[in-house]
Amino acid sequence: MIEARNVWKRYHGPFGGDWVLKGLNFQIPRGVSVGIVGKNGAGKSTLLRMIGGMDAPDKGEIIERCRISWPIGLGGGFQQSMTGRQNVKFVTRIQGGNKYVDQIIEEVQAFAEIGKAFDQPIATYSSGMKSRLAFGLSLAFDFDVYLSDEATAVGDVTFKKKATKAFKDRIGRSSLIMVSHQVKILRDLCQAGIFLHQGKAIWYDKLDDALDDYYESIGQKPTHRKKKNQGKYAHENLDDDED
């Protein structure tokens, strides 16, 4: 289970900053995959980073009673002067995988599909290459919860399908907390939703209900569903949904 208790977070700058998250309180049950939606600047990626331990609340706490991945798709956290191979080796040892270093290196290299760049410094990578490497590295370990920040949007069509399949293969034994512009992928992989609105987090047992309220918040009536017997969304992308 993951629990947020009175979590506050602001964007810091030279003249201070406004609160982006204000007193968040919610619980994510074990085994439930969640899609996070909200307007531009609502704090979706910020919340994901805090759940993944890459950032901390200014006030309050996030309690985690499970093993959580770093946010796949952000591509951060790598040692820039080290190569992809060296970073994978380093993280594998930190995760206690000393016996499987060679195996994990081989798996990540094959999944990331970045060719000779695997043996080049991370500082030379594009953001997409970093994301591919982070994706492959996360999937090399068995986490209870995987965090995804637009991870399935990285790369060409073939890689996107590969990334989506990798997540689907883990549903059942692991769960996801996902930020994505793509309605279809959210609906394919997530059951519940968190709608970030005006600094608050609103929990929905059904993702479709979170999407309804998101569209209303940007001035669109909840007519984005097609006929009930089709069960699909007309809008393929959350166009205003980029942090």
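The values are calculated or read from the model by the stated rules, or taken from the named source; none is laboratory data. Predicted model only: the values in this text are computed from it and were never measured. Virtual Cβ from ideal backbone geometry, glycine too; neighbours counted across all protein chains shown.
In the condition set (1) within 18 Å of the chain's Cα centre (by Cα); (2) over 22 Å from Thr92 (Cα atoms), Asp169 is compliant with all but (2).
Determine which single condition Ile51 fails, assuming it passes every other condition in (1) surrounded by 15 or more Cβ atoms within 10 Å (Cβ to Cβ); (2) modelled with pLDDT under 90. So Ile51 meets the others, but not (2). Give all pairs with beta carbons closer than 9 Å in which a residue from the stretch 59-71 that is in contact (Cβ under 8 Å) with a residue 60 or more places away in the chain and at negative phi meets a residue that is among the charged types (D, E, K, R) and in a strand (DSSP E or B); count only pairs at least 6 apart in sequence or on separate chains. As it stands, the answer is Ile62/Glu3; Ile62/Arg5; Ile63/Glu3; Ile63/Arg5; Glu64/Glu3; Arg65/Glu3; Pro71/Asp149, since those pairs meet every condition given.
Residue check: is Pro71 touching a helix residue (DSSP H, G or I) at 6+ places or on another chain (Cβ under 7 Å) and within 15 Å of Glu150 (Cα to Cα)? Walk me through it before giving the result.
On the way: touching a helix residue (DSSP H, G or I) at 6+ places or on another chain (Cβ under 7 Å): yes; within 15 Å of Glu150 (Cα to Cα): yes.
In short, yes.
Of everything listed in (1) touching a residue at least 60 places away in the same chain (Cβ under 8 Å); (2) out of contact with any His (no Cβ under 9 Å at 6 or more places or on another chain); (3) under 30 Å from Ile218 (Cα atoms), the single unmet condition for Asp188 is (1).
Among the criteria (1) of a type in the set (Val, Ile, Thr); (2) under 29 Å from Arg5 (Cα atoms); (3) surrounded by fewer than 17 Cβ atoms within 10 Å (Cβ to Cβ), the one Ile62 does not fulfil is (3).
Taking each residue of the stretch 122-139 that is aromatic (Phe, Trp, Tyr) and looking for partners that are in a loop (DSSP other than H, G, I, E, B) and modelled with pLDDT of 85 or more with beta-carbon atoms closer than 8 Å, six or more apart or interchain, yields Tyr125/Ile114. Of the residues making up the stretch 24-40, just one is out of contact with any strand residue (DSSP E or B) (no Cβ under 7 Å at 6 or more places or on another chain) and either surrounded by 14 or more Cβ atoms within 10 Å (Cβ to Cβ) or in a helix (DSSP H, G or I) (or both), namely Lys39.
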